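To start, the structure itself, in structure tokens.
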Amino acid sequence: MSTAMPCTNSTVVHMIAGGIGGTSGAIITCPLDVLKTRQQSSIAAYDLQRIPAERTLIQNSALRFSYSHAAVHSEATALIQVKPGMLYCLRKIVQEEGVRALFKGLAPHLVGVTPSRAIYFSVYAKTKRNMRSLGVVNKDSLLIPLTAGAAAGFCSTTATCPIWVLKTRLQLDKRRRGATLRDCIARTYQTEGIRGFYRGLLISYVGIAETSIHFLLYEQMKAYLRPCGTDADENGKCLGDFAQFMVAASLSKIISCTSMYPHEVVRTRLRQPVVDGVKKYRSMLQTLRLVAVEEGIRGLYGGLTTQVIRQIPNTAAMFVTYELVVSFFCN
């Protein structure tokens, strides 16, 4: 007698799968998430390095362009100022703050990732299922994953915004003995009130476009890689090759993340704590304009390399775990 759960009609299955998948991805990639947040910020970014170089290399226009910083010449040697690399920054975090600093913000992340991903995947699955059952559009229409992805992003973003504000502020604390989650909650409320917990919410809604693009590409890549079709996962069939899910999830996330990346930098700047009583970043458009003026277009892509590298294991772990859990309950 079969006890398999009908996954096409079970929102609970998708909530459980999404929650477990999001948690696994968060733990695995937490150090890179801390680094990415600091590279996006204006208050916790690492200073430029000055490295020696041959005069002849500095005079090369291609090299100068790649560093995009002025070279400092001397008689025998020269110094080039460059932004420190990922490994250098991670090593500096450990040296100055200890190994535990690589996991700052993990507590609110774990608190938030389960409900966030549970809402995310359950709303996505339910919206996609309802749109197909209504028959308003063709079941293979691109509008289905686009609409479902937008609905999932809106619901999860609105519900969990305060958690991500706290996570960002904990990650930006560069003290060895950083603030606790309770301290961060108290300080945010005392200085900014309830509104402080919703900093960056509007720009987060702009990021819904990234969610829609991600799910659209994921569904298309998954269908292309799997000969049994786009509905096979919902019917509990043909779920054997999870390497295909990993490839589809990672590639789709990298493309969508890169296309919409500036909104993440703006969101981090809006969520960072007030410094010396001055709120430098006040609104979405003001922040976008200010970063572009002060730091150039490159400033709007701070931490992109770290984010892309982080997304590969994070998204792969999240989606593969999600598909595994759905497969387990539905077979």
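In this label model, PHE103 and VAL137 are separated by 4.2 nm, measuring between points 7 Å along each Cα→Cβ vector.
Going by average Cβ density within 10 Å per residue, which order do the peptides 290-298, 180-188, 157-165, 35-43 take, highest to lowest?
Numbers: 290-298: 13.3, 180-188: 15.2, 157-165: 19.8, 35-43: 22.6.
So the peptides 290-298, 180-188, 157-165, 35-43, ranked by packing, come out 35-43, 157-165, 180-188, 290-298.
If you look at the Cα atoms of region 98-179, you get an Rg and a Dmax of 17.7, 57 Å. Whole-Hz Karplus values for region 140-145 come out as 9, 5, 5, 5, 5, x Hz, taken residue by residue from phi with 6.51 cos²θ - 1.76 cosθ + 1.60 and θ = phi - 60°; glycine and proline positions read x. The lysines within cross-link reach of LYS104, meaning a Cα-to-Cα straight distance under 17 Å and a gap of 8 or more places when in the same chain, are LYS36, LYS92, LYS167, LYS174. Rounded to the nearest 0.05, what FRET efficiency do ALA159 and GLN95 give with R0 = 41 Å and r taken as the Cβ-Cβ distance? Could you check? Calculated transfer efficiency: 0.60. Ranked by the mean number of other Cβ atoms within 10 Å of their residues, highest first, the peptides 255-267, 192-204, 88-100, 111-123 come out as 111-123, 255-267, 192-204, 88-100. For LYS126, a cut-off of 26 angstrom between C-alpha atoms picks up these lysines, skipping any fewer than 8 places away in its own chain: LYS139, LYS222, LYS237, LYS253. Per-residue 3J(HN,Hα) values for region 15-27, derived from phi via the Karplus relation 6.51 cos²θ - 1.76 cosθ + 1.60 with θ = phi - 60°, read 5, 5, 5, x, x, 5, x, x, 5, 5, x, 5, 5 Hz in sequence order (x marks Gly and Pro). Backbone geometry of region 276-282 corresponds, through the Karplus equation with coefficients 6.51, -1.76 and 1.60 at θ = phi - 60°, to 3J(HN,Hα) couplings of 6, x, 9, 9, 5, 10, 10 Hz, x marking Gly and Pro.
Taken together, the values in this text are just the output of simple stated rules run on the coordinates, not laboratory data. Since this is a predicted model, take the numbers as computed values, not measurements. Cβ coordinates were reconstructed from backbone atoms using ideal geometry, including for glycine residues, and neighbour counts include every protein chain displayed.
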